[in-house]
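Asker: I am attaching a structure below and will ask some questions about it afterwards.
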Amino acid sequence: MLKKFDKNHMIMAAALVVSAVVRAFCFSYESIDSIDICKWVEGFRAGGGFAALSDTVSNYNPPYLYIMVLFSYLPQSWDLYMIKLLSATFDIIIAATVYRVALPYSKRAAAWGFAAVMLMPTFIFNSAYWGQCDSIYAAFCLLAFERAVNDKPKASVIMAGVAVAFKLQAAIFLPFFLVLLAAKRVKLWHAALFPLPYVILSLPALALGWSLSRLIGVYPMQTRSFFDLTFNAPNIYTFIPTTNPLNPYQNLWGGYFYIGLGLTALFCLSVIVFAFTKCKNFDTAQLAGFAAVITLGIPWLMPLMHDRFFCLAEMFMLLYAALRPRCAFMSVMVAAGSFGGYFMGRILHIYPSSSLWPSALLLLLALIAACWTLTSRKAKQFWRSNDNDVKEV
């Protein structure tokens, strides 16, 4: 047994221990987000647990609230820690899935991929410091990818449905299924399975008193909660003055909102058309590259994006780097660019979006580089010289 514990497992164990210590230090911090979620848990506790589900004031979808109700049956002093422990657990699931997908390519790269996820600054801040739950829907998106590349299309679509049931932001990942359709990894009829998790996970809420209109209105209500084209997201709108300098709540959107929607649609269409017309052999690495490009390009172009919405891009770009080690610099660029939004807004509390232009530029350069690796003929030689680096298993 001990003979099987090699240096790659030591890397993973060390990363797990270090990340656990760092996260433990973060758990006691009460962010605005975690305070609000703790209030929901306390409301459930005061109202008798599941009996209070229909009375609580929350803009989250039921699946996450079910878990919060379960926490309400525990001592109140545990609330903050359980909320953060939940998200941190899904960080581990993401790391383990990256390892599983990369393992057939390289044991070393798979181990470093696991370690990179566990030590990713944005993942630590998101789950352990702020108590946000982006790791939950991100994990289901990654599991959807893993199931697809392992020829389990029905499970893949269902995982994506679960992801969207937890958070609307998972929709950023959905255009990737058209790439999977081009790669013949899914069939068109599999789309019929997509709404099933959402419907099934909504039934308990309906049974416990939620109205259908409230259930349908959760995600539209979330989209109406933003007053600017970007909420600390380092994207194209950091280069555009979108608010009145004398009154940050008076937005100057003009036609930028609709232009942004058009650019996002054009970008997705271009990627999908390229996948259908130019690509013939889709291996796991190439599919990871497409997932990284889509999940990076959409929040970079889409209006109303939040600083946390680049977590999918970080995750898939890191997976791409694990499968193609020469892409590691792109993963570093995306992680640094995404963290820039966190650092300026949530740590330094500098909110004008124009201050994020260096991070936005870094993400754009990473996007261009990733597109080059998927589209350029010169990239073929790039990968041929790289094969010896990854095919070590």
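Only the coordinates and a few stated rules stand behind these numbers; no lab work does. None of the values given here were measured: they were computed from a predicted structure. Counting neighbours? That spans all protein chains shown, and the Cβs are built from the backbone with ideal geometry, glycine included.
Asker: Out of Ala52, Ala155, Ala205, any idea which swings most in a Gaussian network model of the chain, alpha carbons joined below 10 Å?
Answerer: Ala52
Asker: So I have (i) 20.5; (ii) 26.4; (iii) 54.8, and one of them is mean projected area of the Cα convex hull in nm² calculated from this model. Which one is it?
Answerer: (i)
Asker: Just list whichever of Lys107/Lys154; Lys39/Lys152; Lys7/Lys187; Lys107/Lys187 have alpha carbons separated by over 30 Å in the model shown.
Answerer: Values: Lys107/Lys154 28 Å; Lys39/Lys152 40 Å; Lys7/Lys187 41 Å; Lys107/Lys187 32 Å.
Pairs exceeding the cut-off: Lys39/Lys152; Lys7/Lys187; Lys107/Lys187.
Asker: For n ≥ 4 DSSP H runs only, could you compute -39500 (n - 2.57) per run for the chain, divide by its residues and tell me the 222 nm figure to the nearest 500? Intermediate results must be reported in sequence, preceding the final value.
Answerer: Working: 18 runs with 247 residues, N = 393.
Value at 222 nm, helices only: -20000 deg cm²/dmol.
Asker: Here's something else I'd like to know. Applying 1/(1 + (r/R0)^6) with R0 = 56 Å to the Cβ-Cβ distance of Thr375 and Ile67, what FRET efficiency is obtained, to the nearest 0.05?
Answerer: On the way: r = 42 Å, r/R0 = 0.74.
About 0.85, to the nearest 0.05.
Asker: Along each principal axis of its Cα atoms, how long is region 182-226 end to end? Whole angstroms, biggest number first, please.
Answerer: Largest first, region 182-226 extends 41, 31, 11 Å along its Cα principal axes.
Asker: Also, quick follow-up: In whole angstrom, how far apart do the alpha carbon centroids of region 10-48 and region 124-184 sit?
Answerer: Here the two parts' Cα centres lie 22 Å apart.
Asker: For a quick check, take a GNM of the chain with Cα springs below 10 Å and name the residue from Ile136, Ile35, Ile298 with the largest mean-square fluctuation.
Answerer: Per the Cα network of the chain with a 10 Å cutoff, Ile35 tops the list.
Asker: Which of the peptides 282-290, 302-310 is most tightly packed, and how do the rest follow, going by the mean number of other Cβ atoms within 10 Å of each residue?
Answerer: Numbers: 282-290: 21.6, 302-310: 24.3.
Ranking, from highest mean packing down: 302-310, 282-290.
Asker: Let me ask something else about it. Applying 1/(1 + (r/R0)^6) with R0 = 45 Å to the Cβ-Cβ distance of Ala192 and Lys39, what FRET efficiency is obtained, to the nearest 0.05? Could you put the intermediate results ahead of the total?
Answerer: Numbers: r = 39 Å, r/R0 = 0.86.
With a Förster radius of 45 Å, E is 0.70.
Asker: Which stretch or stretches of region 96-121 have amide N atoms under 14 Å from the point lying 7 Å from Phe25's Cα along the Cα→Cβ direction?
Answerer: 121
Asker: Any chance you could run the full-extension gain for Ser77 through Leu215? It's 0.36 nm times the residue separation minus the Cα-Cα distance, nm to one decimal. Please report the intermediate quantities before stating the final value.
Answerer: Details: separation 138, 0.36 × 138 = 49.68 nm, distance 3.03 nm.
Full-extension gain reported as 46.7 nm.
Asker: Mind listing the long-range amide H neighbours of Met305? Cut-off is under 5 Å, sequence gap 5 or more, other chains count too, H placed in the peptide plane at 1.01 Å from N.
Answerer: Distant-sequence amide H within range of Met305: Phe231.
Asker: Can you work out the PRE-style zone for Ile11? Point 7 Å along Cα to Cβ, and I want the residues of region 76-109 with backbone N under 12 Å.
Answerer: 99, 103, 106-109
Asker: Between Ser106, Ser127, Ser376, find the one with the highest GNM mean-square fluctuation for the chain; connect C-alpha pairs within less than 10 Å.
Answerer: Ser376
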